[in-house]
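Student: Right, I'll just put the structure down here and ask away after.
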Amino acid sequence: MNTTQQVIPSIAVRSIGGGLLLMALFTMMWTGIAQSGLRGHDHSMVLITFSVLSVIFVIFGITLFIAAKRFPKFTNEGSADKGRNMLKWFGIIFGIEFTAIPLVSVVLFLLKDQQFVLPAIALIVGLHFYPMAKVFNRKIDYYLATWTCIIAIASIVITAGNSYSQALTLTFLGIGVALATTFYGVYMLLAGYKLIKQ
């Protein structure tokens, strides 16, 4: 009978903890955008719902950082190399994303098309999930990328056509992207729970 148990490196646990903290931050950012469109018409239910979930992400993220101390640094040299490679590509992708966001924003402001800034940022965010799927070998990133890109493109089309008010477009955009970051947070929470249960 095989009793060998897979050894999990601490960096895997910490990366999920860090991911949860990021999802809490991004969820609240997009929730703020949704609230600016809602202007209190929902009696702050969107704000309350996403805030509660974000607090849960933060608490569990911190729990994972604490729990990571129980895990070995690396299981072997191969996992160390893999971890460094993932970290390198994660940094490159985030670097490109956080260079593209201000660049695109400035261009849109100069063109006096600032109403497209937030949908454009959402599109950049959605696109960044595609290479992340490859780096971390996660299928969920493809789904979140596609969902976020659809929400962003729909917001761009709505804005361009002046079909609805800007407030309604911001609400649609904010809730749509906040749902993506929330689902990602729930996915990470469940993944982290499985790791620490081992």
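Please treat every number below as a calculation from the coordinates, not as lab data. Not measured: the values here are computed from a predicted model. Note: ideal-geometry Cβ built from the backbone for every residue, glycine included; neighbour counts use all protein chains shown.
Student: Please work out the C-alpha center-to-center distance from segment 38-68 to segment 101-149 and express it in whole Å.
Tutor: Segment 38-68 and segment 101-149 have Cα centres spaced 22 Å from each other.
Student: If you don't mind, there's one more thing I want to ask. Can you report the principal axis dimensions of the chain using only the alpha carbons, biggest first, rounded to whole angstrom?
Tutor: Cα extents, longest axis first: 65, 35, 27 Å.
Student: Something else: Compute the FRET efficiency between residue 167 and residue 117 as 1/(1 + (r/R0)^6), taking r as their Cβ-Cβ distance and R0 = 25 Å, and round to the nearest 0.05.
Tutor: On the way: r = 15 Å, r/R0 = 0.62.
E(calc), rounded to 0.05, equals 0.95.
Student: Specify which residue in the list 163, 12, 96 is farthest towards the positive end of the charge dipole of the chain, using unit charges on the beta carbon of Lys, Arg (+1) and Asp, Glu (-1), about the Cα centre.
Tutor: 12
Student: Mind jotting down a quarter of the surface of the convex hull over the alpha carbons of segment 102-175, in square nanometres, one decimal? All intermediate terms of the calculation are to be shown ahead of the outcome.
Tutor: On the way: hull surface 20.4 nm².
Mean shadow area of the hull around the Cα atoms is 5.1 nm².
Student: Something else now. Counting only helical runs of four or more DSSP H residues, what would the 222 nm mean residue ellipticity of the chain come to if each run contributes -39,500 (n - 2.57) and the total is spread over all its residues? Don't skip to the end; give the middle numbers.
Tutor: Details: 6 runs with 160 residues, N = 198.
It comes out at -29000 deg cm²/dmol, rounded to the nearest 500.
Student: Roughly speaking, what is the stretch gain from residue 193 to residue 136, that is 0.36 nm per residue apart minus the C-alpha to C-alpha distance, in nm to one decimal? Don't jump to the answer; show the numbers that get you there.
Tutor: Values: separation 57, 0.36 × 57 = 20.52 nm, distance 1.82 nm.
The span from residue 193 to residue 136 would gain 18.7 nm if fully extended.
Student: About the Cα centre, and with charges only on the beta carbon of Lys, Arg (+1) and Asp, Glu (-1), how big is the dipole of the chain? Nearest 20 debye, please. All intermediate terms of the calculation are to be shown ahead of the outcome.
Tutor: Values: 14 positive and 6 negative charges, 136 e Å.
Here the size comes out at about 660 debye.
Student: Same structure again: When only DSSP loop residues count, what trypsin sites (Lys or Arg not before Pro) in segment 36-113 have their Cβ near at most 15 other Cβ atoms within 10 Å?
Tutor: On the way: sites: 39, 69, 70, 73, 82, 84, 88, 112; in loops: 39, 73, 112.
Passing both the DSSP loop test and the Cβ count: 39, 73, 112.
Student: If you split all Cα-Cα distances of segment 143-198 into 10 Å bins from zero, what percentages do you get per bin, shortest first?
Tutor: Distribution as computed: 23, 38, 21, 12, 5, 1 percent.
Student: Among 50, 133, 145, whose Cα projects farthest towards the positive end of the dipole of segment 10-197, with charges put on the beta-carbon of Lys, Arg (+1) and Asp, Glu (-1)?
Tutor: Checking the options against the dipole of segment 10-197, the answer is 133.
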